[in-house]
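One structure, pasted below without further comment.
Read-outs throughout are calculated quantities, based only on the coordinates presented, and are distinct from any laboratory measurement. Worth saying up front: this structure is predicted, and the values here are computed from it rather than measured. Glycine also receives a Cβ, built like all others from the backbone with ideal geometry; neighbour counts cover every protein chain displayed.
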Amino acid sequence: MKKILLLILVASALFAVEGKIIFEKNCTACHLGMVSMAEFKPLFKAGKIKAPPMVEIAAKIKASININPIGDNDNAEDIHRFTVIAFIKNYVTHPSWDYYMCDSVAINRFKVMPAQTHLSDEELQAVSEWIYDYFEGKELK
Ligand code: HEC
């Protein structure tokens with residue numbers, strides 16, 4: 001039993017690492033990850049920011065998507081996590097201003113994100129899960 005638990009722990013830790021690595025390799029050319037407002041502002045003013053930081057994106061998407069399960073379904077939190085991850089995963093391959101959720105400042109400042117079509121389904125899933133979990137409770141401030 002202990003061995004199985006250990007295996008599960010190691011496997012989930014590897015998955016988390018993989019999501020982080022995928023983010024660093026494929027997203028940080030444009031997106032900052034965790035950043036404070038004090039670090040962000042001067043970079044933004046200097047025109048060095050190419051996309052909204054992921055800490056901001058994660059918080060905005062989580063706050064925009066509200067889940068109201070009906071009947072006796074009480075897994076609102078799990079459904080929320082699943083839905084946000086599914087949105088991020090789909091956005092990466094199908095970006096559009098039509099359903100973009102971040103700050104409207106971005107619309108004036110950036111072009112729509114170029115679709116990232118080189119990642120596998122597993123990689124997209126891992127990076128989207130990592131984004132949800134890593135930035136949990138964090139915000140740009
Ligand atoms: C070439 C630059 C570039 C790369 C690389 C890039 N993005 Fe973006 N991304 C942008 C820009 C610009 C925006 C803001 C405009 C938009 O939403 O399309 C954005 C917005 C987003 C959004 C916001 C959607 C919303 O509703 O607010 C998500 C989620 C996202 N990116 C995820 C990713 C992930 C995950 C990766 C790596 C796999 C990635 N991006 C790689 C430029 C990039």
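Cβ contacts < 6 Å: first residue closer than 11 Å to K60 by Cβ, restricted to the range 101-117; second residue surrounded by fewer than 14 Cβ atoms within 10 Å (Cβ to Cβ), any location; separation 6+ or different chain. Result?
Going by the 6 Å Cβ cut-off, the qualifying pairs are M101/S64.
Then there is this: Just name the residue that is farthest from the ligand (Cβ to nearest atom) out of those in the range 23-46 that are part of a loop (DSSP other than H, G, I, E, B) and farther than 20 Å from M101 by Cα. Break it down stepwise before answering.
Of the residues in the range 23-46, the ones part of a loop (DSSP other than H, G, I, E, B) are 27-36, 46.
This time we only want the ones that are farther than 20 Å from M101 by Cα, so: 29, 36, 46.
Numbers: A29: 5, S36: 20, A46: 17 Å.
Result: S36.
Of all residues in the range 67-100, which are within 17 Å of I57 (Cα to Cα) and among the aliphatic types (A, V, I, L, M)?
Just the residues of the range 67-100 that are within 17 Å of I57 (Cα to Cα), to begin with: 80-100.
Those that are within 17 Å of I57 (Cα to Cα) and among the aliphatic types (A, V, I, L, M): V84, I85, A86, I88, V92.
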